[in-house]
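See structure below.
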Amino acid sequence: MRVLVVGSLPPPECARAEALRVEVVGLLAEGHSVEVVAPDLVATAHRYMTTRGIPGCLWLATLVSRFDSVVVQLQPGLPVRERAGRLERELSLVALSFALRRGREVAIRLERPDDLPGGPGGRAALLLWRRAGRIVVGGDDQRAAFVAAVGPPTENMVICSAREHDVHAVDVDDRGWGVGTDISAENVLELVREKAARERRELAESDSAHFPGWDRLPSSGFALAELDSVLSQSLHASRKPGDLARSALAVADRRPCLRPVVRVVRATYRSSKAVFGPDRSD
């Protein structure tokens, strides 16, 4: 089964990204083919969302029908843009519900209430929850709060997020400065020690102990636009202006909306070459 996963895997490490990674690894272990689309440009993904909010949701609408199942991780910027007003929040939720209307076996994840500005309640949010066959929340307390905000009809669809390791259940970054509420040198040092110990443990295990399906996860890194990638390769391979122009036209030719422009440019080039080119009749 082909599964589309929309959300940010580590890096950076946080409870939400770790919980999504656990779900992706489970899908891979079951033998499914997974494609990850990330809103975060430094996250691990096969492709990236260049826009967030309403435009990003409309872009997702072009993808979901190609897959047998869809998993969406709600997070800042997906679907509601940060600092969005009430009207924009409502329109963003409607846009995501529109994007998922053709999805099959839709699962929506809400790891923390803060990941969805305004909480899970509201008429527009209810349209979104109706698209889901499964709603995943961060824990029992959040499940109870979600059912209370949305209504009893969703109770059978809401489940708690699975965690693979207790050490990742609460991320170090999510705990602020440490155990106490006071910012002290002792708490800061304890935070640094915990992060360093975790990073050493992950590096030590990276060559020998991987989770099932790790080799089929995409690579992480900063996302590049297709044109930027081609131009970057062209600059390393050759610095001739003609090579750069041909590479740019090849990229544009793969965009249906730009093909008429490419045809005009190529026709103009051939005409000018025939007029001003060297005369080889002699």
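The values are calculated or read from the model by the stated rules, or taken from the named source; none is laboratory data. Predicted model only: the values in this text are computed from it and were never measured. So basically every Cβ, Gly included, is an ideal-geometry build from the backbone, and we count neighbours across all protein chains shown.
I'd like to verify a number: residues in region 20-35 that are among the charged types (D, E, K, R), in contact (Cβ under 8 Å) with a residue 24 or more places away in the chain and surrounded by fewer than 17 Cβ atoms within 10 Å (Cβ to Cβ), how many?
1
What number of residues within region 1-33 are under 19 Å from Ala99 (Cβ atoms) and either among the polar types (S, T, N, Q) or out of contact with any Ser or Thr (no Cβ under 6 Å at 6 or more places or on another chain) (or both)? Give the derivation first.
Taking region 1-33 and keeping what is under 19 Å from Ala99 (Cβ atoms), we get 2-8, 20.
So of that shortlist, the ones also either among the polar types (S, T, N, Q) or out of contact with any Ser or Thr (no Cβ under 6 Å at 6 or more places or on another chain) (or both) come out as 4-8, 20.
Selection size over region 1-33: 6.
I want to confirm something. Restricting to region 221-255 and keeping residues that are under 21 Å from Val37 (Cβ atoms) and modelled with pLDDT of 65 or more, which single residue is surrounded by the most Cβ atoms within 10 Å (Cβ to Cβ)?
If we take residues in region 221-255 being under 21 Å from Val37 (Cβ atoms) and modelled with pLDDT of 65 or more, then Val251 is surrounded by the most Cβ atoms within 10 Å (Cβ to Cβ).
Among the residues that make up region 63-71, is at least one of them outside any strand (DSSP E or B) and in contact with a helix residue (DSSP H, G or I) (Cβ under 9 Å, 6 or more places away or on another chain)? Explain how you work it out, then say what you get.
Initially, region 63-71 is screened for residues outside any strand (DSSP E or B), giving 63-68.
Narrowing the set further to residues that are in contact with a helix residue (DSSP H, G or I) (Cβ under 9 Å, 6 or more places away or on another chain) leaves 63-64.
Yes, because at least one residue in region 63-71 is outside any strand (DSSP E or B) and in contact with a helix residue (DSSP H, G or I) (Cβ under 9 Å, 6 or more places away or on another chain).
Return yes or no: is Leu41 at pLDDT below 95 and in contact with a strand residue (DSSP E or B) (Cβ under 7 Å, 6 or more places away or on another chain)?
On the way: at pLDDT below 95: yes; in contact with a strand residue (DSSP E or B) (Cβ under 7 Å, 6 or more places away or on another chain): yes.
The answer is yes for Leu41.
Could you tell me whether region 36-50 includes any residue that is among the polar types (S, T, N, Q), within 20 Å of Ile135 (Cα to Cα) and buried (at least 16 other Cβ atoms within 10 Å of the Cβ)?
As a first pass, look at region 36-50 and keep what is among the polar types (S, T, N, Q): 44, 50.
Now drop any that are not within 20 Å of Ile135 (Cα to Cα), which leaves none.
The answer is no, given that none of the residues of region 36-50 is among the polar types (S, T, N, Q), within 20 Å of Ile135 (Cα to Cα) and buried (at least 16 other Cβ atoms within 10 Å of the Cβ).
Would you mind telling me which numbered condition in (1) surrounded by 23 or more Cβ atoms within 10 Å (Cβ to Cβ); (2) under 25 Å from Ala15 (Cα atoms); (3) of a type outside the set (D, E, K, R) Gly103 fails?
Exception for Gly103: condition (2).
A quick yes/no check of all residues on (1) touching a Gly at 6+ places or on another chain (Cβ under 8 Å); (2) of a type in the set (Asp, Glu); (3) under 18 Å from Leu27 (Cα atoms); (4) free of Cβ contacts under 8 Å to residues at least 60 places away in the same chain:
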| residue | (1), (2), (3), (4) |
| --- | --- |
| Ser92 | yes, no, no, yes |
| Ser97 | no, no, no, yes |
| Leu100 | no, no, no, yes |
| Ile108 | no, no, yes, yes |
| Pro113 | yes, no, no, yes |
| Ala124 | no, no, no, yes |
| Leu127 | no, no, no, yes |
| Gly133 | no, no, yes, yes |
